């Protein structure tokens, strides 16, 4: 009997555990999951909390209850991984041996990395909706905000769900307009990127939508400090943006235990697995997926979901003594809320940037265009998350390799496009 | 990809100016690339450039700015003072290595 240890039971770890349980006989493999609490939060839902559209309890379910019968759940804080000894030490001193290890422990917020951010004004006029507490606290502040300067600021490039701050901006603009105070509010979107988004075609379209909604875009702004008392943020090159209410996305680190585990990851705690097989170089028995990896792929739920299929296939192959042949292509799929009852869907991978068209094929949801259907798709996804994604069932049309059918691939030859698939 | 001559050697570079083949890099090329970026290399710049080069040779990738600060001991603020147009990206380009993940 061999043991598979899975650290983290979120969007990545849960489907890996459930799919592995179906793939491997209980007599051959035991599957043990470790997490620090029993609260599985539907993270995409945090976006709606500041607007009073969702509450935290409605977004949270038991982690243990999402795991199939035959998967063991251990409540505990991971202290460190001993790669050579193939064991994981927990904070209470327990040691868990493994034959295969899957790290799916996510990313953590590092607000202390930005000078002044957690000083005066933090959680009073400077908030983040990237944590449960932050989103709830922001709900009260946003409800009382009827005039002044609202600044949405992205403080680093390596963040979870890079579209979420744009979504927040669009939803805030819509909410203020409905409240009848839009004319009394200046909205500014501040980003270290050179445009609204990373990739040229999507960046141009999203930048256009911000302009349509009267949102000022301040780009190429690497934030050095946030001064909550004075109400301003400052860049490393000395530029300043003033605010009355700031909503920020702090820098992220990998799981804390990674930096205490020699050989597992980098100094920020991210794990440099192979971008295709998702195995740790030199340790074919160790896999990582989701926000904890050091991959160039976006840190998004869809990525963890698509990676889970690759991890399961390659782990089972390794388990059976076969070569790991599944390859992750960097497939990412995001619904972006735009307010006004519309959303916009983007779908891309390492080689193909977000393009217009339809997903998952010529007949499907519109891509890269405001659409009522995409908004309904985003809302409907929550049910699929709990009832299909986490249990590890296949969702028709939604699979790990990125579909090219339905996409306007000819746009990759557009003059605006500098790179191109290799 | 375009071909250009750096320190007397013909090299391929991508649209942003990163070397296609890091093994062709030399310190003389670094000085020329830095000049293109508007950076005159001081000993402190060289420390960062050599650190980037070493990180790439040992881990296969250059660090992003926060990882660079954490591992090199040069603060993010000083890194921006040395390379105002984006420290990790500029230092990686000068060091002849690929653009680090999470760089703009």
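Here are a few things to note about the model shown:
- With both residues required to sit in the protein assembly as shown, DSSP beta bridges show an antiparallel share near 50%.
- Computed from the C-alpha gyration tensor, the three semi-axes of the ellipsoid equivalent to the range B:56-104 are 16, 12, 9 Å, from longest to shortest.
- Number of partner chain Cβ atoms within 10 Å, mean per residue of A:94-106: 0
- GNM top mover of A:184, A:252, A:331 - chain A, alpha-carbon springs below 10 Å: A:184
- Shape annotation for chain A: C-alpha extents along the principal axes are 66, 50, 39 Å, from largest to smallest.
- Relative contact order (%) - criterion: Cα under 8 Å, at least six apart; region: the range A:335-413: 34 percent
- Between residue A:99 and residue A:283, full extension at 0.36 nm per residue minus the direct alpha carbon distance yields a gain of 65.1 nm.
- Candidates A:354, A:200, A:57, ranked by Gaussian network fluctuation over chain A, Cα under 10 Å, top entry: A:57
- Distances between every pair of Cα atoms in the range A:111-248, grouped in 5 Å steps from 0 to the bin holding the largest one, split as 2, 10, 21, 25, 22, 14, 5, 1 percent.
- Estimated [θ] at 222 nm from DSSP helical runs (n ≥ 4, -39500 (n - 2.57)) normalised by residues in chain A, nearest 500: -6500 deg cm²/dmol
- Nearest 10 degrees, 0 to 90: helix A:132-143 Cα axis against chain A principal axis: 20 degrees
- Candidates A:227, A:266, A:28, ranked by Gaussian network fluctuation over chain A, Cα under 10 Å, top entry: A:28
- Relative pair counts by distance (%), Cα atoms of the range A:335-413, 10 Å bins: 19, 46, 32, 3, 0
- With bins 5 Å wide beginning at 0, the percent of Cα pairs of the range A:196-309 falling in each bin runs 2, 10, 14, 14, 15, 14, 13, 10, 6, 2, 0.
- Spin-label pair residue A:38/residue B:40, simplified geometry with 7 Å Cα→Cβ offset, distance in nm: 6.7 nm
- Relative to the longest principal axis of the Cα atoms of chain A, helix A:372-384 runs at roughly 30 degrees.
- Computed from Cα positions, the angle between helix A:301-319 and the longest principal axis of chain A comes to roughly 10 degrees.
- Cβ-based exposure ranking for B:70, B:93, A:407, in which fewest neighbours within 10 Å come first: B:70, A:407, B:93
- Over the range A:268-403: Kirkwood hydrodynamic radius from C-alpha pairwise inverse distances, Å: 15.9 Å
- Taking other C-beta atoms within 10 angstrom as a stand-in for reagent exposure, B:25, A:386 fall in the order A:386, B:25, fewest first.
- Look at the stretch A:150-161: the mean tally of other chain Cβ atoms within 10 Å of its residues' Cβ atoms is 2.
- Residues A:411, A:1, sorted so that the one with the fewest Cβ neighbours within 10 Å comes first: A:1, A:411
- Helical contribution to [θ] at 222 nm, DSSP H n ≥ 4, -39,500 (n - 2.57), averaged over chain B, rounded to 500: -14000 deg cm²/dmol
- Note that chain B carries a Kirkwood radius of 13.4 Å, evaluated over its alpha carbons pair by pair.
- Relative contact order for chain A, counting Cα pairs under 8 Å that sit 6 or more residues apart, in percent: 17 percent
- Other protein chain C-beta atoms within 10 Å of residue C-beta, averaged over B:58-67: 4.
Computed from the coordinates by the stated procedures, all read-outs in this text should not be read as laboratory data. Remember, it's a predicted structure, so these values are computed and weren't measured experimentally. With ideal geometry, Cβ positions are generated from the backbone for all residues, glycine too; neighbour counts draw on all protein chains shown.
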